[in-house]
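**Q** Structure in structure tokens, see below.
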Amino acid sequence: MATNDIRGWLKEIGELGELQAVEGVDWNLELGAIAELNIRKKNCPALHFQGIKGYPKEYGVVACALTTAARFAHTYNLPRAANWREMLEVYRVKYEEWQKSLDGFPPTVVKDGPVLKNVQRGAQVDLTVFPSPRWHEMDGGRYIGSGHAVITQDPDTGDVNLGCYRVQLHDKNTCGIHITPGRHGRLHYEKYHARGKPSPIVLSIGHHPLFFAVAGSEVPHEPKSEYHFMGAVRGEPIRVIKEELTGLPMPADSDIVLAGWLPPGKTRKEGPFGEFTGYYSAEDEAPQPVIEIERVYYRDNPVMLGAPPNRPPDEYSKMMDIVRSAKLYNDLVKAGVPEVKGAWISDVGRQLWITVSIKQRYAGHARQAALAACPGYTMGRYVVVVDEDVDPTDMDEVLWAMCTRTDPARDIDIVREMRSIPLDPIVRKPTDDYKTSRALINACKPYEWKDKFPRAIKMSQELENKIKAKWGKALNM
């Protein structure tokens, strides 16, 4: 890959015609609103905000980084794809290759890097020097961490993890962090707290978007880290520096890195925050752990990466569609489900809607695929199985198949007592029992008489090519 930082990435996508500069916005709601409206456009550009109200002109915030298949492909060092379905086919094959090559790409420890240009220590720490946005109208404050990477370590094994958990700016030297139970970052700090010790933590908040993309994904890697996975994607190791306070490996080429501790028993009200489900967080202003920042590292004229969740589709959903769908596709094949032709976790429902496409080979094949797709995804509320003639990435086609190929009494099964998460809006709070049911929907033609099912209207490829050749330019087809 040609670059390893956000500055080089901005230059490259600018040359691809995928970047738009925006100057003079207010960090308070205006920046977030522009980013949200931009995402609603088809093939929207990435946005580079500068001259943000109250901050030096050169200080920047980047948003909408991964909202197109082209930018996703560029970020992951993949061939450019025409659409998300094509991108999925490319990504899922490479994903398996990357997983097999993790051993060859451990992070390289270096003593110096661009991130060490400026250092704040102790009483010098002032997080307000960065233009952290207030993204949504009902957010409880400014969020310095949305497109970031949180670096923690297991005190028992020494394993390092990069995750993406929202981080609210409280004041000059403290932040609040919200981590869902069961996530690596939370498991790590809970282990430290059980011993009465503060948990070390490092946050990279300005970096190549690959850091955010991988930190925000469920990448099976243990005992390797996300650093290994990113090295495999890039084809070269990630450069890291041993952070002087915590000893954690921080990205040498980041624009901004924060380091400090999560002390046991110390909390502060955090939120609410507009979350990935399209709703504000479940517990308004709930007490969450406090991060005490004792070191700030940053380059001259630093650039932050922002990726605020919104009502879908948004940037996070677009990115995660590919990553989670590729894993699902490959998992189904490994589970022995034959003739899988596609899998998609739709951005419309976030993690709540799963579609699997198969070529039916026997009675019960569709139910087998649905059950195989059900257990591994914490919020897969609806699992829909369709025939191979239906594009699982196209919700219009999926709903058409559901409406025309299902008999509800026969083709919908309910699985109860399935795991969910605190951010699930349908789970009534307060509770410690995050469970919901799942609907498994067979939207395939009835196997027993599928050959006699009415023929679907479909233009032949020959006719389509002929019409496009003759009329495509005039009619922009």
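The values are calculated or read from the model by the stated rules, or taken from the named source; none is laboratory data. Keep in mind it's a predicted model, so treat the numbers as computed, not measured. Counting neighbours? That spans all protein chains shown, and the Cβs are built from the backbone with ideal geometry, glycine included. When the accessible area is computed, the model is the full protein with side chains, heavy atoms only, and any ligands, DNA or RNA have been set aside. Shrake-Rupley method; radii C 1.70, N 1.55, O 1.52, S 1.80 Å.
**Q** For the chain, what is the charge dipole size about the Cα centre, in debye to the nearest 20, if Lys and Arg each add +1 at the Cβ and Asp and Glu each add -1 at the Cβ?
**A** So the magnitude is around 620 debye.
**Q** Amide H neighbours of HIS170 under 5 Å, at least 5 residues apart or on other chains, H built in the peptide plane: list them.
**A** Long-range HN contacts for HIS170: CYS175, GLY176.
**Q** For region 56-142, which whole-number percentage of the solvent-accessible area (1.4 Å probe, protein heavy atoms only) is attributable to carbon and sulfur atoms?
**A** Exposed carbon and sulfur together represent 52 percent of the surface.
**Q** Then there's this: Using θ = phi - 60° and the Karplus form 6.51 cos²θ - 1.76 cosθ + 1.60, what ³J(HN,Hα) does each residue of region 381-391 get, whole Hz, x for Gly and Pro?
**A** 5, 10, 10, 10, 10, 10, 6, 5, 7, 10, 7
**Q** Okay, next question. Classify region 53-106 from the C-alpha gyration tensor, please: rounded if a/c falls under 1.5, else prolate or oblate depending on whether a/b exceeds b/c.
**A** In terms of gyration-tensor shape, oblate.
**Q** If you filter region 423-462 for trypsin sites (Lys or Arg not before Pro), then keep DSSP loop positions with at most 14 other Cβ within 10 Å, what is left?
**A** Working: sites: ARG428, LYS435, ARG438, LYS450, LYS452, ARG455, LYS458; in loops: ARG428, ARG455, LYS458.
Of the trypsin sites (Lys or Arg not before Pro), the ones in loops of region 423-462 whose Cβ has at most 14 other Cβ atoms within 10 Å are ARG428, ARG455, LYS458.
**Q** In whole percent, how big is the carbon plus sulfur part of the accessible area of region 211-306, probe 1.4 Å, protein atoms only?
**A** Numbers: 1380 of 3100 Å².
On region 211-306, the fraction of accessible area on carbon and sulfur atoms equals 44 percent.
**Q** At 0.36 nm per residue, minus the direct Cα-Cα distance, what do LEU245 and ARG416 gain on full extension? Give it in nm, one decimal, please.
**A** Gain on extension, LEU245 to ARG416, equals 56.9 nm.
**Q** Moving on to the next point. Compute the longest continuous run of the chain that contains no exposed GluC sites (Glu not before Pro); treat a site as exposed when its DSSP state is not H, G, I, E or B and it has at most 11 other Cβ atoms within 10 Å.
**A** 138-477
**Q** Still on this structure: Greater than 26 Å separation of Cα atoms is the criterion. Which listed pairs, LYS41/LYS466; LYS94/LYS334; LYS224/LYS327; LYS94/LYS117; LYS359/LYS458, meet it? Show your work: numbers first, answer last.
**A** On the way: LYS41/LYS466 30 Å; LYS94/LYS334 16 Å; LYS224/LYS327 18 Å; LYS94/LYS117 36 Å; LYS359/LYS458 18 Å.
Too far apart for the 26 Å limit: LYS41/LYS466; LYS94/LYS117.
**Q** Is region 1-142 rounded, prolate or oblate when judged by the Cα gyration tensor, a ≥ b ≥ c being the square roots of its eigenvalues, rounded requiring a/c under 1.5 and prolate requiring a/b larger than b/c?
**A** Here region 1-142 falls in the oblate category.
**Q** Here's something else I'd like to know. If the label point is 7 Å along Cα→Cβ of VAL348, which residues in region 421-435 have backbone nitrogen under 20 Å from it?
**A** 425-426, by backbone N distance to the label point.
**Q** Okay, next question. In whole percent, what relative contact order does region 199-258 give with Cα contacts below 8 Å and a gap of six or more residues?
**A** Result for region 199-258 is 48 percent.
**Q** Same structure, new question: From the gyration tensor of the Cα coordinates in region 369-433, what semi-axes in whole Å does the equivalent ellipsoid have, largest first, with each one equal to sqrt(5λ)?
**A** Here the semi-axes work out to 27, 13, 12 Å.
**Q** Sticking with this one: With the dipole of the chain worked out from charges on the C-beta (+1 for Lys and Arg, -1 for Asp and Glu) around the Cα centre, which of GLY122, PRO422, ASN301 lies farthest toward the positive end?
**A** Of the candidates, PRO422 comes out farthest on the positive side.
**Q** Find the accessible area per residue for region 369-446; the probe is 1.4 Å, ligands and nucleic acids are left out, and the unit is Å².
**A** That works out to 49 Å² for each residue.
**Q** If amide hydrogens are placed 1.01 Å from N in the peptide plane, which non-local residues have theirs closer than 5 Å to the one on LYS341?
**A** Those lying under 5 Å, H to H, from LYS341 are SER357, ILE358, LYS359.
**Q** Right, another one. Quick one: compute the contact order of region 295-385, relative version, from alpha carbon pairs under 8 angstrom and 6+ residues apart, as a percent.
**A** 23 percent
**Q** Quick one: what are the phi-derived ³J(HN,Hα) couplings along region 168-174, Karplus 6.51/-1.76/1.60 with θ = phi - 60°, whole Hz, x for glycine and proline?
**A** Running phi through 6.51 cos²θ - 1.76 cosθ + 1.60 with θ = phi - 60° gives 9, 7, 8, 7, 4, 10, 9 Hz.
**Q** Write down Rg/Rh for the chain, rounded to two decimals, with Rg from the C-alpha atoms and Rh from the Kirkwood relation over Cα pairs. Mind showing how you got there, number by number?
**A** Details: Rg = 23.2 Å, Rh = 23.6 Å.
Looking at the chain, the ratio lands at 0.98.
**Q** For the chain, what is the mean residue ellipticity at 222 nm derived from helices alone (per DSSP H run of n ≥ 4: -39500 (n - 2.57); sum divided by total residues; nearest 500 deg cm²/dmol)?
**A** After summing the helix terms and dividing by the residues of the chain, the value is -8000 deg cm²/dmol.
**Q** Work out Dmax and Rg for region 143-217 from the C-alpha atoms and quote the Rg first, both in angstrom.
**A** Radius of gyration, then largest Cα-Cα span, for region 143-217: 12.2, 35 Å.
**Q** For region 242-256, take each phi angle, set θ = phi - 60°, evaluate the Karplus expression 6.51 cos²θ - 1.76 cosθ + 1.60, and give the result in whole Hz per residue in order, putting x for glycine and proline.
**A** Listing the rounded values in order: 6, 4, 5, 8, 9, x, 6, x, 10, x, 5, 9, 5, 7, 9 Hz.
**Q** Give me the 1.4 Å probe accessible area per residue for region 120-251, excluding ligands and nucleic acids, in Å².
**A** Using a 1.4 Å probe on heavy atoms only, each residue of region 120-251 averages 32 Å².
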